[in-house]
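Each remark here refers to the structure printed beneath this line.
The values are calculated or read from the model by the stated rules, or taken from the named source; none is laboratory data. Computed from a predicted structure; not experimentally measured. Cβ atoms come from the backbone with ideal geometry, glycine included; neighbour counts cover every protein chain shown. These area figures cover heavy atoms from the full protein model, side chains too; ligands, DNA and RNA do not enter into them. Shrake-Rupley method; radii C 1.70, N 1.55, O 1.52, S 1.80 Å.
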Amino acid sequence: MSVPSAPEVEHADWPTLQRMCESLGLNPKGRSGVVRMRVLDHVRRRARAEACRAGRDHMAALLTRLGFPNLSEDLWESTIRLDAPAPWVGLGQAQVAGGFLSEAANSFDRAAQMGDRSALLHRAEALGAGGDYDRAIAACDSYLADRPGDLRALGMKADFLARSGFKEEAARVLFAAADSHPELPFLRSTAGTSFLKVGRPEVALEAFGLPRPIDATDIGGAINHGAALLVLGRTHEAVGIFQKALETDPDRAEALNNLGVAQLQLGQSGLGASSLARAAKQLDSPRIRLNLPKVPKTSPRPRARKPAPRKKPKP
């Protein structure tokens, strides 16, 4: 029988306490309080904390986090075995921390060859940090071959594509991620915003999908959705989205600016001027300053002259 814990001894009934004594080789006879103390003394003598000795792999990982990659690298090399990919991953992380990105990519590649597929993403990060985006994207594709909907890999691939100048292709990867993860609606907003930035408002609308209830966490995506509608000439729909966004955040300068532009397009000069003035009050932005002169200037109405007082006829 294993040594019971102190709470178990404290709350044990008399028959259980006697069985504990017999199993531990103690005298079960005597008053219950005496027997209980006998068992508790035995438990306290036996319950000594075992010394915790960290393995070399744990120490190596800790040294990497503490900023000693060279020492960590030496420790990881001493733990490498032919049948274990984990030390190669740890070695690669230490090499990344030390700035040896090419060596890190090779270490992660070795771990991937030994069966650790996640090492491909570590390899992609190392290659991307070194500016080798083509090979970083290829590493992401290798990982996605087995896990086509993996969100981390898709996000990394989109990031590498954008950083290498292929922003529309990056937006398409984000669109694919949104289709794979309908439970994450912010992905559709991210993809739609990316298409809008590269001048593809029609694809952006497809990515945004149907208008959804707006909350504070995605108000930026809603404003961009309205901007795509505005660019495509669907001004009334855009106004509706901007107004809903302002119900969530009444002082959002982007929404006020876009609403003002839309109202001017609809010929609502007074409302447009008011919205743009509110936007300028909230944010000093070149875009808002450029929109303010678009408000048509109306000539002031002439003041009505007061009728001249009638002269009283002379008697």
- Query: Given the structure, is ALA105 under 13 Å from MET156 (Cβ atoms), in a helix (DSSP H, G or I) and open to solvent by less than 50 Å² (accessible area, probe 1.4 Å)?
  - Reply: no
- Considering only helices (runs of 4 or more DSSP H) wholly within region 1-92, the ones with at least 1 residues that are at pLDDT below 75 and open to solvent by 50 Å² or more (accessible area, probe 1.4 Å) are 6-10, 32-46
- Message: Against the definition (modelled with pLDDT of 95 or more, surrounded by fewer than 23 Cβ atoms within 10 Å (Cβ to Cβ) and hydrophobic (A, V, I, L, M, F, W, C)), how does ALA129 come out, yes or no?
- Response: no
- Note on the structure: Scanning region 237-293 residue by residue, the ones that are assigned to a loop (DSSP other than H, G, I, E, B) and either open to solvent by 80 Å² or more (accessible area, probe 1.4 Å) or touching a residue at least 24 places away in the same chain (Cβ under 8 Å) (or both) total 7
- Query: Is it true that some residue in region 212-224 is touching a Leu at 6+ places or on another chain (Cβ under 9 Å), buried (at least 17 other Cβ atoms within 10 Å of the Cβ) and either free of Cβ contacts under 8 Å to residues at least 40 places away in the same chain or closer than 27 Å to ALA162 by Cβ (or both)?
  - Reply: yes
- Residue hits (region 142-167; in contact with a Leu (Cβ under 9 Å, 6 or more places away or on another chain) and not small (Gly, Ala, Ser)) are TYR143, LEU144, PRO148, ASP150, LEU151, ARG152, LEU154, MET156, LYS157, PHE160, LYS167
- Does ALA138 satisfy being of a type in the set (Gly, Ala, Ser), part of a helix (DSSP H, G or I) and either open to solvent by less than 20 Å² (accessible area, probe 1.4 Å) or at positive phi (or both)? no
- Item | Meets criteria (over 30 Å from ALA136 (Cα atoms), open to solvent by 20 Å² or more (accessible area, probe 1.4 Å) and in a loop (DSSP other than H, G, I, E, B)) for PRO182 | no
- Return the only residue of GLN243, GLN268 being touching a Leu at 6+ places or on another chain (Cβ under 8 Å) and not basic (Lys, Arg). GLN243
- Message: The conditions are (1) open to solvent by 40 Å² or more (accessible area, probe 1.4 Å); (2) assigned to a helix (DSSP H, G or I), and ALA177 fails exactly one of them. Which is it?
- Response: (1)
